[in-house]
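Please read the structure below before turning to the comments.
The values are calculated or read from the model by the stated rules, or taken from the named source; none is laboratory data. Being a predicted model, the structure only gives us computed values, none of them experimental. Cβ coordinates were reconstructed from backbone atoms using ideal geometry, including for glycine residues, and neighbour counts include every protein chain displayed.
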Amino acid sequence: MERKVYLKSNSYEKMKQLTAAYPDVENGGLLFGRMNPSWIKILDVSDAGEKAIRTKTGVVFEVNYLQQYTQERLREDLFVIGHGIHIQPLLV
């Protein structure tokens, strides 16, 4: 199945900032938004958390931070649609 992916500009800027903040190690977070069979809309992204363990080969998320962040997004009717690890999205 092929879907169009839409990335909100402020989410892209947040990804760039988080990537720049950790240039020598992996970083990641959760992707929040909406999706249906035709499209995926990425409307927000999280950090891995202040206490996350980042290395050159991976990241261990701070679970408490992600649980709290996810609860806040759910109140906005946004859902976890995936996770990203040191991603460089392509905008078209």
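Among the numbered criteria (1) within 14 Å of the chain's Cα centre (by Cα); (2) at pLDDT below 90, which single criterion is violated by L90?
Among (1) within 14 Å of the chain's Cα centre (by Cα); (2) at pLDDT below 90, L90 violates only (1).
Quick check on this structure: which one of K56, K51 is part of a loop (DSSP other than H, G, I, E, B) and closer than 25 Å to Q71 by Cβ?
Only one candidate qualifies: K51.
For the range 22-51, what are the residues that are more than 22 Å from L74 (Cα to Cα), of a type outside the set (F, W, Y) and surrounded by 11 or more Cβ atoms within 10 Å (Cβ to Cβ)?
Across the range 22-51, the qualifying residues are V25, E26, N27, K51.
Among D24, D47, which is the only one that is of a type in the set (D, E), touching a strand residue (DSSP E or B) at 6+ places or on another chain (Cβ under 8 Å) and at pLDDT 90 or above?
D47
Determine which member of the set L43, L66, L74, L7 is in contact (Cβ under 8 Å) with a residue 40 or more places away in the chain and of a type outside the set (D, E, K, R).
L7
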